[in-house]
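The values are calculated or read from the model by the stated rules, or taken from the named source; none is laboratory data. This one's a predicted model, so the numbers in the text were calculated from it and none came from an experiment. Neighbour counts are summed over all protein chains in view; Cβ atoms, including those assigned to glycine, are modelled from backbone coordinates with ideal geometry. Surface accessibility is based on the protein's heavy atoms, side chains included, excluding ligands, DNA and RNA. Shrake-Rupley method; radii C 1.70, N 1.55, O 1.52, S 1.80 Å.
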Amino acid sequence: MILKTDFIPKAFTTEIEQGNFSWSAPSNIALVKYWGKKPNQIPANPSISFTLNHCKTITKLSFTKIEKVENFSFDLLFEGKPKEDFKPKIQKFFERIEVYLPFLKHFHFVIDTQNTFPHSSGIASSASGIAALAMNLMSLEKLLNPEMTEEFFFKKASFLARLGSGSACRSVKGSVVVWGNHINFKESSDLFGVEFPTNIHANFKKFQDTILLVDKGEKQVSSTIGHDLMHNHPFSEQRFLQAHSNLSAIKIVLENGNLEEFIKIVESEALTLHAMMMTSMPYFILMKPNTLEIINKIWKFRNETNIPVCFTLDAGANVHVLYPENVSAEVLQFIKAELVGYCQNGQYICDKIGIGSQILV
Ligand code: DP6
């Protein structure tokens with residue numbers, strides 16, 4: 001078993017004065033949801049996600065060696081312009097990972113970041129943003145420590161990303177990623193995400209995710225506060241057990257291609273996530289009337305056509321419409337004809353399953 005102390009580097013073998021890297025990291029959409037955590041970003045239950053392809057953050061990290069400083073030294077640019085309000089999140093991330101990257105206070109960093117999806121679209125950018133930064137920091141560690149294996153590189157990148165934002169650890173490597181100890185996934189860990197260990201069925205290769213932007217407003221409840229509401233929640237123990245059994249069930253489904261079962265698990269997970277928010281104290285309703293309109297339209301369309309299309313939700317009002325590639329034409333036509341009217345300014349994003357972070361040259 002890998003322990004967190006395995007990620008504390010011993011000594012660095014190389015000196016480096018300055019340089020830069022660029023990485024892209026994708027967003028991901030959970031099928032079995034992470035909702036609730038223990039101290040130090042340990043998930044209360046395991047989760048599994050599809051990695052997205054188009055929705056990503058691209059981050060360039062420039063670094064210059066300096067005399068060791070008291071506090072972290074970094075500038076943050078978002079789309080080329082200084083962005084002070086993103087800095088506290090990065091500061092906190094650096095504080096949490098410093099013990100694993102002891103060189104952080106020996107460099108000045110310029111973090112230059114942009115998203116491929118519209119800012120404040122309601123799509124979580126913390127997973128892709130933190131993952132992209134974690135990849136860059138690992139590239140720097142690899143410069144200082146060139147003998148590092150590729151396997152360790154990605155594991156530690158996911159480990160660091162988790163400390164910034166839990167779901168970010170699922171945006172590092174692989175198309176389908178499991179995070180959190182689970183009895184049926186031998187390699188799984190609470191500390192980092194791992195790739196789905198076997199081949200997924202052809203039905204899920206090139207799976208499509210069309211994200212309907214129902215409400216682009218600021219989140220009513222941050223996910224950090226949301227996770228906290230699972231402490232002393234009347235249904236939490238049952239929910240955590242359910243996530244374990246849904247993960248066992250979805251493993252079988254991802255292998256055998258049973259779309260009917262897939263739909264049941266995924267939609268139930270989405271509604272359970274929202275049910276947890278509706279039954280916490282304080283309670284929240286993050287769905288909007290149009291979220292429900294869309295869900296009902298999807299159910300009607302599926303009943304009438306037998307086309308295996310389903311939905312999932314994040315901690316917000318937007319709807320992710322999930323379907324296999326071979327029904328894309330019919331589903332897109334349905335979306336354009338019947339669902340776009342429920343989106344804010346008619347906006348939606350077509351995405352599909354991707355492969356993870358990429359270094360850019
Ligand atoms: C509803 O990863 O954003 O999207 O660890 O506090 O940063 P923090 O939370 P975050 O929570 C994501 C919650 C979710 C479900 C999921 O992605 O599994």
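In the set (1) more than 22 Å from F207 (Cα to Cα); (2) within 16 Å of the ligand (Cβ to nearest atom), N290 fails one condition alone, (2). Of everything in the range 313-329, what is assigned to a loop (DSSP other than H, G, I, E, B) and either open to solvent by 10 Å² or more (accessible area, probe 1.4 Å) or within 16 Å of the ligand (Cβ to nearest atom) (or both)? Give them in sequence order. Residues satisfying the conditions are D314, A315, G316, A317, N318. Of all residues in the range 298-312, none satisfies the criterion of being in a helix (DSSP H, G or I) and within 16 Å of the ligand (Cβ to nearest atom). The requirement of being of a type outside the set (A, V, I, L, M), at pLDDT below 95 and on the phi > 0 side of the Ramachandran plot is fulfilled nowhere in the range 303-310; no residue meets it.
Within the range 97-113, can one find any residue that is modelled with pLDDT under 95, surrounded by fewer than 18 Cβ atoms within 10 Å (Cβ to Cβ) and either within 20 Å of the chain's Cα centre (by Cα) or part of a loop (DSSP other than H, G, I, E, B) (or both)? The answer is no; no qualifying residue exists. Here the range 131-177 is the region considered, the condition is being among the charged types (D, E, K, R) and more than 15 Å from the ligand (Cβ to nearest atom), and the residue that is modelled with the lowest pLDDT is E147.
Kindly provide the set of residues from the range 178-194 that are among the aliphatic types (A, V, I, L, M), within 14 Å of the ligand (Cβ to nearest atom) and open to solvent by 10 Å² or more (accessible area, probe 1.4 Å), ordered by number. Working first, answer last.
Keep residues of the range 178-194 that are among the aliphatic types (A, V, I, L, M), which gives 178, 183, 191, 194.
The next check asks that each one be within 14 Å of the ligand (Cβ to nearest atom); those that pass are 178, 191.
Matches in the range 178-194: L191 only.
For first residues located in the range 177-191 and without any contact (Cβ under 8 Å) to a residue 40 or more places away in the chain, partners that are buried (at least 19 other Cβ atoms within 10 Å of the Cβ) and in a strand (DSSP E or B) and lie 6+ apart or on another chain with Cβ distances below 8 Å form the pairs E187/V194.
Criterion first (without any contact (Cβ under 8 Å) to a residue 12 or more places away in the chain, open to solvent by 10 Å² or more (accessible area, probe 1.4 Å) and within 23 Å of T272 (Cβ to Cβ)) does N306 satisfy it? No: the conditions fail for N306.
Condition (residue is more than 16 Å from the ligand (Cβ to nearest atom) and under 26 Å from T113 (Cα atoms)) applied to the range 41-57: is it met by at least one residue? Lay out the reasoning, then the answer.
Step one: of the range 41-57, the residues more than 16 Å from the ligand (Cβ to nearest atom) are 53-54.
Those left that are additionally under 26 Å from T113 (Cα atoms): 53-54.
Yes, that holds for at least one residue.
Taken together, the residues in the range 237-270 that are within 15 Å of the ligand (Cβ to nearest atom) and small (G, A, S) amount to 3. Screening V214 on (1) within 16 Å of the ligand (Cβ to nearest atom); (2) of a type in the set (A, V, I, L, M, F, W, C); (3) under 28 Å from P39 (Cα atoms) shows it passes everything except condition (3). Here M230 meets each of (1) under 17 Å from the mean Cα position of the chain (by Cα); (2) within 16 Å of the ligand (Cβ to nearest atom) with one exception, condition (1).
To keep it simple, each residue is scored yes or no on (1) within 18 Å of K37 (Cβ to Cβ); (2) surrounded by 16 or more Cβ atoms within 10 Å (Cβ to Cβ).
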| position | (1), (2) |
| --- | --- |
| I225 | yes, no |
| E237 | yes, no |
| F240 | yes, yes |
| N256 | no, no |
| I263 | no, yes |
| E267 | no, yes |
| T272 | yes, yes |
| F284 | yes, yes |
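Residue-wise test of (1) touching a helix residue (DSSP H, G or I) at 6+ places or on another chain (Cβ under 8 Å); (2) more than 24 Å from V32 (Cβ to Cβ).
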residue: N296; (1), (2): no, no
residue: W299; (1), (2): no, no
residue: I307; (1), (2): yes, no
residue: C310; (1), (2): yes, no
residue: H320; (1), (2): no, no
residue: E325; (1), (2): no, no
residue: L332; (1), (2): no, yes
residue: A337; (1), (2): no, yes
